[in-house]
1. Please work out if L35 is crowded, with 21+ Cβ neighbours inside 10 Å, more than 21 Å from G11 (Cβ to Cβ) and either within 14 Å of the chain's Cα centre (by Cα) or among the hydrophobic types (A, V, I, L, M, F, W, C) (or both).
2. Within the stretch 2-32, how many residues turn out to be in a strand (DSSP E or B) and in contact (Cβ under 8 Å) with a residue 12 or more places away in the chain?
3. With the requirement that a residue be surrounded by 16 or more Cβ atoms within 10 Å (Cβ to Cβ), of a type in the set (K, R) and over 17 Å from L68 (Cβ atoms), what does the stretch 149-182 give you?
4. I'm told M164 meets every condition in (1) part of a helix (DSSP H, G or I); (2) closer than 14 Å to L13 by Cβ; (3) among the aliphatic types (A, V, I, L, M) except one. Can you identify the failing condition by its number?
5. Is there any pair with a first residue in the stretch 166-177 that is within 14 Å of E20 (Cβ to Cβ) and a second that is surrounded by 13 or more Cβ atoms within 10 Å (Cβ to Cβ) whose Cβ atoms are under 7 Å apart and which are 6 or more apart or on different chains, and what are they?
6. Among the candidates I140, I95, I115, which residue alone is in contact with a His (Cβ under 8 Å, 6 or more places away or on another chain) and in a helix (DSSP H, G or I)?
7. Quick check on my filter: what residues within the stretch 98-112 are under 23 Å from G34 (Cα atoms) and in a loop (DSSP other than H, G, I, E, B)?
Amino acid sequence: MLLGVDGCRAGWLALAAGPEATEVSHQLHREAAGLFAQADWQLMAIDIPIGLPEQGSRACDLEARKLLGARRSSVFPAPIRAVLQAEDHQQACSISRQLQGKGISCQSFNILAKIRSVDAQLQAEPALAERIHEVHPELIFQQWNGGRPMAHPKKTAQGRQERMLLVDSEFPGAWSAIRQRYRRNTVADDDILDALAALHTARRLQRGLALQLPTQSPQEIDACGIAMRIAA
């Protein structure tokens, strides 16, 4: 069983399918511990930074932004590890400025709790790192689209439609079926699309076909021994 996972307001949306199946099952988990405790999964592709620098930018983020062109702003810089201890955005910016001379964006801070929870699970169970892979949905959709970035932002009607065409080509009817099960104030439309994109890359990873960033420089390992890379 392969998992594609995206964060949402209610926690984590986890979509599961076999390597060749078109049928997709789904679960909603409030905490990362429950997500990782699911039974019988071989590989997880998850949209969250994994592996955090002590300072500066990760090579995988820089390369992802370069590849995405017009969609590059969708790649939020991963926070430095010391920021995980921050309790609010002001404190996060203060820690970041002390260590690297700049603050962190609101977008990065808004997912800090999710980054912290996944990092805690990986440190508690280091063997999980062999089965869990960081992905970025916009990079996935670009690869899925023959290397061309999506023409429209994902939260627009046009953007949703162009991503839906790709999703339905591999998982016909899955988005609509999942959409009916959750309220939009807990799971947004693009959360479902992004989780399905992650599931697509889980299959590519399982088959050895996924793009792995960085491609032009050696793989980076953080201070806790966790690889810093993005798959698509």
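The values are calculated or read from the model by the stated rules, or taken from the named source; none is laboratory data. All of these numbers come straight from a predicted model, not from anything done at the bench. With ideal geometry, Cβ positions are generated from the backbone for all residues, glycine too; neighbour counts draw on all protein chains shown.
1. Details: crowded, with 21+ Cβ neighbours inside 10 Å: yes; more than 21 Å from G11 (Cβ to Cβ): no; either within 14 Å of the chain's Cα centre (by Cα) or among the hydrophobic types (A, V, I, L, M, F, W, C) (or both): yes.
Here the answer is no, as L35 does not meet what is asked.
2. Quick first cut of the stretch 2-32, residues in a strand (DSSP E or B) only: 2-8, 11-17, 25-29.
Next, from what is left, pick out any that are in contact (Cβ under 8 Å) with a residue 12 or more places away in the chain: 2-8, 11-17, 26-29.
Selection size over the stretch 2-32: 18.
3. Scanning the stretch 149-182 gives a single hit, R160.
4. If we test M164 against (1) part of a helix (DSSP H, G or I); (2) closer than 14 Å to L13 by Cβ; (3) among the aliphatic types (A, V, I, L, M), just (2) comes out false.
5. Partner pairs satisfying both residue conditions: E170/H200; F171/V24; F171/L196.
6. Working: I95 fails: in contact with a His (Cβ under 8 Å, 6 or more places away or on another chain); I115 fails: in contact with a His (Cβ under 8 Å, 6 or more places away or on another chain).
None of the other options fit; the residue is I140.
7. I111
Listed here are the residues, each with its yes/no results for (1) part of a helix (DSSP H, G or I); (2) without any contact (Cβ under 8 Å) to a residue 60 or more places away in the chain; (3) over 23 Å from Q121 (Cα atoms).
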position	(1), (2), (3)
D190	yes, yes, yes
T201	yes, no, no
T215	no, no, yes
A223	no, no, no
